[in-house]
1. So ALA288 ticks every box in (1) more than 30 Å from GLU78 (Cα to Cα); (2) among the aliphatic types (A, V, I, L, M); (3) assigned to a helix (DSSP H, G or I) but one. Which box is left unticked?
2. Taking only region 221-233 into account, find how many residues are in a loop (DSSP other than H, G, I, E, B) and modelled with pLDDT of 90 or more.
3. Does region 294-308 hold any residues that are without any contact (Cβ under 8 Å) to a residue 60 or more places away in the chain and crowded, with 20+ Cβ neighbours inside 10 Å, and which are they?
4. So which residues in region 23-42 are assigned to a helix (DSSP H, G or I) and modelled with pLDDT of 95 or more?
5. In this structure, is LEU73 among the hydrophobic types (A, V, I, L, M, F, W, C), in a helix (DSSP H, G or I), surrounded by 18 or more Cβ atoms within 10 Å (Cβ to Cβ) and not assigned by TED's automatic domain parsing to the domain that holds THR321?
6. Could you tell me whether GLN32 is more than 21 Å from the chain's Cα centre (by Cα), surrounded by 16 or more Cβ atoms within 10 Å (Cβ to Cβ) and in contact (Cβ under 8 Å) with a residue 12 or more places away in the chain?
7. Please work out which residue is surrounded by the most Cβ atoms within 10 Å (Cβ to Cβ), limiting yourself to region 163-207 and to residues that are over 18 Å from GLY309 (Cα atoms) and either modelled with pLDDT under 95 or of a type in the set (Phe, Trp, Tyr) (or both).
8. For region 317-335, indicate whether the set of residues that are on the phi < 0 side of the Ramachandran plot, surrounded by fewer than 18 Cβ atoms within 10 Å (Cβ to Cβ) and not assigned by TED's automatic domain parsing to the domain that holds ASN161 is non-empty.
Amino acid sequence: MAMTQQLSKPQPVKQIAKRVVNECLMVQPDEQVTVFSWDHTLDYANAVALEIEHAGGISTTILQMNDLYWRYLKEVPEAQYARRQKGFLSLLDQTDAWVQLGGPKDPSLFPTVPDERLGKMIEGGKAVGDKFVEREIRVLNLPIGLVTPERARTYGFDYENWQRVTTNSLDVDHAKISALSGRVESKLRNANSIRITAANGTDLTLRLKNRPVHVHDGIIDKTDLDKGTRFETLPAGAIEVAPDEASAEGMVLFDQPTALAGKMLTGLQLKFENGRLTNYTAQSNLDAFKGTYEKMSGDKDRLANIVIGLNPRAELIGFFTDRIVQGTVSIGIGGNKGIGGTNETQFGHEETLRKPTLTIDGHKLVDQGKIQV
């Protein structure tokens, strides 16, 4: 499960495309691979599609335009969001693998969209999400289209530093990550109980249910497929498990700000009782979370996943890639059927603890941000 080639700096589009197709997804002859692109990621879409064809696969590219995306959210009658997407679903019936390039380009427009409309659009995607699980489609998320100057300005990131962090996170020794993940997985595999604490007052307990432990090392190989791991993201480097959804007790105080819906959500606190989220607060921009959460249905208030970061070159920045930073622990709520859970909802939210302690059956696996294996 080790990458065969390390990325150089800077990373050419063609080189990344080769890695995605040949190493991460291991595309086979005659496999149907769909590339989901935005109009600002067409160079990557072209390169990935060409590499799919070189590998003997059959490529199909879907284009999402930024302007159409926002106008669809703002102008189309809400009732249309629930319509069955027959053409899209038919395409997925013939799709073996999927490459997602990331968008929209500018998230500053999210606050201009009413929460109810955004929630209904997300809910309307349930049949599509279910189809990915049903068809066991391999998915590679290459969020090139999310690292943009517009997103950096919106969230207050230094764009050049963000590019550097992304490059470093990609340019790692994946063999070492795989070896570390094997040691961590062996501790999690037969564990019964987990306690997560931190100096800020976080204290959460939960149980495991002998479910598969998913290793996210950048490659979807046979070992992953046998365990039901069909989703990967580059940069990679994390290990993930769906716990007993009804077991969460206690409080989580996230100390790492997170970019969400055009705002920086800071200091989110989640309180769990009898396995359900009963209260939540935040230091700032709680509406970025609350607006969508309150409009969603299903098991949105259940624990979804626990993630331990393994990537030694990744750095905390306030984005979803925080989950791969070595020694961090991320906790998610909402949908988790894609990793072997039972939560039935389109809602999902995950945040990260910087230097947590994670104890398994009384033994420390992570001690104040240091992995103990």
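The values are calculated or read from the model by the stated rules, or taken from the named source; none is laboratory data. All figures in this text were calculated on a predicted structure; none of them were measured in a lab. Positions of Cβ are generated from backbone atoms using ideal geometry, with glycine treated the same way; all protein chains shown enter the neighbour counts.
1. (1)
2. Narrowing region 221-233 to residues in a loop (DSSP other than H, G, I, E, B): 221, 228-230.
Now drop any that are not modelled with pLDDT of 90 or more, which leaves 230.
Going through region 221-233 one residue at a time, the tally reaches 1.
3. Step one: of region 294-308, the residues without any contact (Cβ under 8 Å) to a residue 60 or more places away in the chain are 298-302.
Once the filter is applied, which keeps residues that are without any contact (Cβ under 8 Å) to a residue 60 or more places away in the chain and crowded, with 20+ Cβ neighbours inside 10 Å, region 294-308 yields ASP299, LYS300, ASP301, ARG302.
4. Going residue by residue through region 23-42, those that are assigned to a helix (DSSP H, G or I) are 23-24, 42.
Of everything in region 23-42, just one residue is assigned to a helix (DSSP H, G or I) and modelled with pLDDT of 95 or more, namely LEU42.
5. Working: among the hydrophobic types (A, V, I, L, M, F, W, C): yes; in a helix (DSSP H, G or I): yes; surrounded by 18 or more Cβ atoms within 10 Å (Cβ to Cβ): yes; not assigned by TED's automatic domain parsing to the domain that holds THR321: yes.
Here the answer is yes, as LEU73 does meet what is asked.
6. On the way: more than 21 Å from the chain's Cα centre (by Cα): yes; surrounded by 16 or more Cβ atoms within 10 Å (Cβ to Cβ): yes; in contact (Cβ under 8 Å) with a residue 12 or more places away in the chain: yes.
Against the criterion (more than 21 Å from the chain's Cα centre (by Cα), surrounded by 16 or more Cβ atoms within 10 Å (Cβ to Cβ) and in contact (Cβ under 8 Å) with a residue 12 or more places away in the chain), GLN32 qualifies.
7. That would be ALA191.
8. So in region 317-335, the residues on the phi < 0 side of the Ramachandran plot come out as 317, 319-326, 328-333, 335.
Then drop every residue that is not surrounded by fewer than 18 Cβ atoms within 10 Å (Cβ to Cβ), which leaves none.
Looking through region 317-335, none of the residues is on the phi < 0 side of the Ramachandran plot, surrounded by fewer than 18 Cβ atoms within 10 Å (Cβ to Cβ) and not assigned by TED's automatic domain parsing to the domain that holds ASN161.
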